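Trainee: Please see the structure below; I have some questions.
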Amino acid sequence: MHVLVIALVVVGIIAIFLELLMPGWDSYVGVFVGIVAFAAAAAIAVIALDGAIFFVGAILALLVVGGYGMYFFIKRRQLHGGMILTDVDDAPQVDVSGFLGKEGKAVTLLRPVGDVDFNGVRMQASSDGPFIEKGTKVRVTEAQANRIIVSVVEGN
């Protein structure tokens, strides 16, 4: 019976640490599994083992110390909110207005985004609708912010 209780505690610890390392892992399944494993270990200890009060107290102390340690681990690593892009203005702005009306050649397939060569200058561009095959001659129809939109040159 001691082995089962210890195994449940180990499963609970592993599940909670996995949730810490992989946040959002199926909506807190790791935390749920960890709590259920700790509760089952405590229930089995109370029912079947002598000295169960000591064991339940040890589990509670382990949870408190582990939770405190995890809180500072997350805070130190700045995992809370550090994975979310909050400000889009950090992207560098490139003036592409000088490309308006220029003709170039599609270096890659544009479906709808690909690379176009404008006389030795390779830029990323979007097609104005349909896919554009590699090697097709294109013309810039719109250039705004960081975006170049091209269409196929007639008679290509």
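No value in this document is a laboratory result; all are computed from the given coordinates. Remember, it's a predicted structure, so these values are computed and weren't measured experimentally. Cβ sites come from the backbone with ideal geometry, for glycine too, and all protein chains shown count toward neighbours.
Trainee: May I ask for the net charge around GLU103, where only other residues with Cβ less than 9 Å from the Cβ of GLU103 are counted and Lys, Arg are +1 while Asp, Glu are -1? Mind showing how you got there, number by number?
Mentor: Values: positive: LYS102, LYS105, LYS137, ARG139; negative: none.
For residues surrounding GLU103, the net value is +4.
Trainee: Net charge within 14 Å of ASP128 by Cβ-Cβ distance, Lys/Arg positive one each and Asp/Glu negative one each, not counting ASP128 itself? Show your work: numbers first, answer last.
Mentor: On the way: positive: ARG111, ARG139, ARG147; negative: GLU142, GLU154.
For residues surrounding ASP128, the net value is +1.
Trainee: For LEU21 and LEU100 in the same chain, what is the full-extension length gain: residue separation times 0.36 nm, less their Cα-Cα distance, in nm? Please report the intermediate quantities before stating the final value.
Mentor: On the way: separation 79, 0.36 × 79 = 28.44 nm, distance 4.79 nm.
Roughly 23.7 nm would be gained on extension.
Trainee: I would also like to ask the following. Please give the net charge around GLU154, taking every other residue with its beta carbon less than 12 angstrom from that of GLU154, where Lys and Arg add +1 and Asp and Glu add -1.
Mentor: Working: positive: LYS137, ARG139; negative: GLU103.
Counting the neighbours of GLU154, the net charge comes to +1.
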